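Peer 1: Dropping the structure in here first, questions after.
The values are calculated or read from the model by the stated rules, or taken from the named source; none is laboratory data. No experiment lies behind these values; they were computed from the predicted model shown. Cβ placement follows ideal geometry from the backbone for every residue including glycine, while neighbour counts extend to all protein chains displayed. Surface areas here come from the heavy atoms of the whole protein model, side chains and all, with no ligands, DNA or RNA. Shrake-Rupley method; radii C 1.70, N 1.55, O 1.52, S 1.80 Å.
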Amino acid sequence: MSFFGFGQTAEIDIVLNDAESRKKAEHKTEDGKKDKYFLFYDGETVSGKVNVTLKIPGKRLEHYGIKIEFVGQIELYYDRGNHHEFVSLVKDLARPGELSQSQTFDFDFTHVEKPYESYTGQNVKLRYFLRATISRRLNDISKEMDIVVQTLCTYPEINSSIKMEVGIEDCLHIEFEYNKSKYHLKDVIVGKIYFLLVRIKIKHMEIDIVKRETTGTGPSVYHENDTIAKYEIMDGAPVRGESIPIRLFLAGYELTPTMRDINKKFSVRYYLNLVLIDEEERRYFKQQEITLWRKGDIVRRSMSQQATIAAQRYEGSNSETASARAKEESN
């Protein structure tokens, strides 16, 4: 309701051009619930329409300009007043004037850089959104629409296995080995545990996947550890010389890619935590960091990466042709 001419006299709606065909992804909100949002990747164009609908037919709407913004920002929950923007693009849709009827405006943010993955954690939120604003003398009218961004990676070239030892002098000596150190989010952790010396009575053994979220810098650093998964390796006493296989499927857990020093504001790291419990309820730990990454159905590369790969292929094909010719000449 408009009182003495105040209040919102128009409604804004943002509609993406490819809304019917674009894939949606589930994303956790601050209250722990999951909603579906339109899914985008780095370098994709974000385009659509801003519909401005006048609530009172025949009444003109004076304004100081209409614009739409594409924003990527990080919000630290302990510093909610400050939003740290790492992407901020603006398109002016209309100059100052007045609207006499409902109107639609087209917008296009071409090949937008979206360097980080959308993330909602315990102390931090990284979000991307579109915001349309009608500037007015007393009260602006605005509408926001969130989108989700996922970062895709290629398979790591170097992915060495992990070998570690857990030992208590003259009491316990265990070696454990994982097949690699970098896993995609639907991967399987395969490994083995070898008992070389067992002189204490172990009654339980498990592997935990621990997510560690680090926010802030310097003296105001906050660490939040969250146990994502528990995998029971054995329940009972092992004997010397025994080996136990490990096979842990990651697809069933809520995981994100590893994030290191995102915009110098936060990090998300993952660890495999080996836990042994003896009959006197004493606990023995050994922790190892692993790297998680998102594997795409279609791996999207930046233009520079594509150019580099194309050049390498071209040089490779030239060298192969040259070697083939050399063989022919030698024959």
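Peer 1: Mind giving me the FRET efficiency for ASN273 and ASP35? R0 is 30 Å, r the Cβ-Cβ distance, nearest 0.05 is fine. Can you show the working numbers first?
Peer 2: Values: r = 31 Å, r/R0 = 1.04.
The formula returns an efficiency of 0.45 here.
Peer 1: Tell me the mean residue ellipticity at 222 nm calculated for the chain from its helices only (DSSP H runs of n ≥ 4, each -39500 (n - 2.57), averaged over every residue, nearest 500). Don't skip to the answer; put the middle values down first.
Peer 2: Values: 1 runs with 28 residues, N = 331.
Calculated mean residue ellipticity at 222 nm is -3000 deg cm²/dmol.
Peer 1: Mind checking the dipole of the chain: about its Cα centre, +1 per Lys or Arg Cβ, -1 per Asp or Glu Cβ, Debye to the nearest 20? Please report the intermediate quantities before stating the final value.
Peer 2: Working: 49 positive and 51 negative charges, 133 e Å.
Dipole of the chain, to the nearest 20 debye: 640 debye.
Peer 1: Ok, one more. Would you grab the residues whose amide H sits under 5 Å from the one on HIS184? Only those 5+ places off in sequence or on another chain, please, with H modelled 1.01 Å from N.
Peer 2: Here TRP293 satisfy the definition.
Peer 1: Ok, one more. Averaged per residue, what accessible area in Å² does region 162-293 show with a 1.4 Å probe, protein chains only? List each step's numbers first, then the result.
Peer 2: On the way: 6830 Å² over 132 residues.
Ligands and nucleic acids excluded, the result is 52 Å² per residue.
Peer 1: Okay, next question. Go through region 163-235 and name the GluC sites (Glu not before Pro) that are in a DSSP coil and have 16 or fewer other Cβ atoms within 10 Å of their Cβ. Could you put the intermediate results ahead of the total?
Peer 2: Values: sites: GLU165, GLU169, GLU175, GLU177, GLU206, GLU213, GLU224, GLU232; in loops: GLU169.
Those satisfying the criteria are GLU169.
Peer 1: In addition: Please report the carbon-and-sulfur percent of the accessible area for the chain; probe 1.4 Å, protein heavy atoms only, DNA, RNA and ligands left out. Don't skip to the end; give the middle numbers.
Peer 2: On the way: 8830 of 19430 Å².
Solvent-exposed carbon and sulfur of the chain make up 45 percent of the total.
Peer 1: While we're looking at this one, here's another question. Along the positive direction of the dipole of the chain (beta-carbon charges: Lys, Arg +1; Asp, Glu -1; about the Cα centre), which of TYR284, GLN8, TYR271 reaches farthest?
Peer 2: Among TYR284, GLN8, TYR271, the one farthest towards the positive end of the dipole of the chain is GLN8.
Peer 1: Expected output is a single nm value to one decimal: the length gained when fully extending between THR154 and VAL166, i.e. 0.36 nm times separation in residues minus the C-alpha distance. What is it?
Peer 2: Details: separation 12, 0.36 × 12 = 4.32 nm, distance 3.30 nm.
Full extension of this stretch gives 1.0 nm more.
Peer 1: Further, regarding this structure: Picking from TYR231, ILE209, LEU61, whose Cα lies most toward the positive end of the charge dipole for the chain (charges on Cβ: Lys, Arg +1; Asp, Glu -1)?
Peer 2: Result: LEU61.
Peer 1: Out of (1) 27.7, 96; (2) 18.7, 54; (3) 18.5, 61, which label holds the value of Rg and Dmax of the Cα atoms in Å that was computed here?
Peer 2: Recomputing Rg and Dmax of the Cα atoms in Å here gives the entry labelled (1).
Peer 1: With each label point set 7 Å from Cα along the Cα-Cβ vector, what nm distance links HIS111 and MET234?
Peer 2: 5.7
Peer 1: May I pose another question? Take the cross-link list LYS55/LYS125; LYS230/LYS286; LYS28/LYS49; LYS180/LYS211; LYS59/LYS91 and give me the ones stretching past 23 Å between alpha-carbons.
Peer 2: Details: LYS55/LYS125 34 Å; LYS230/LYS286 14 Å; LYS28/LYS49 27 Å; LYS180/LYS211 18 Å; LYS59/LYS91 26 Å.
Exceeds cut-off: LYS55/LYS125; LYS28/LYS49; LYS59/LYS91.
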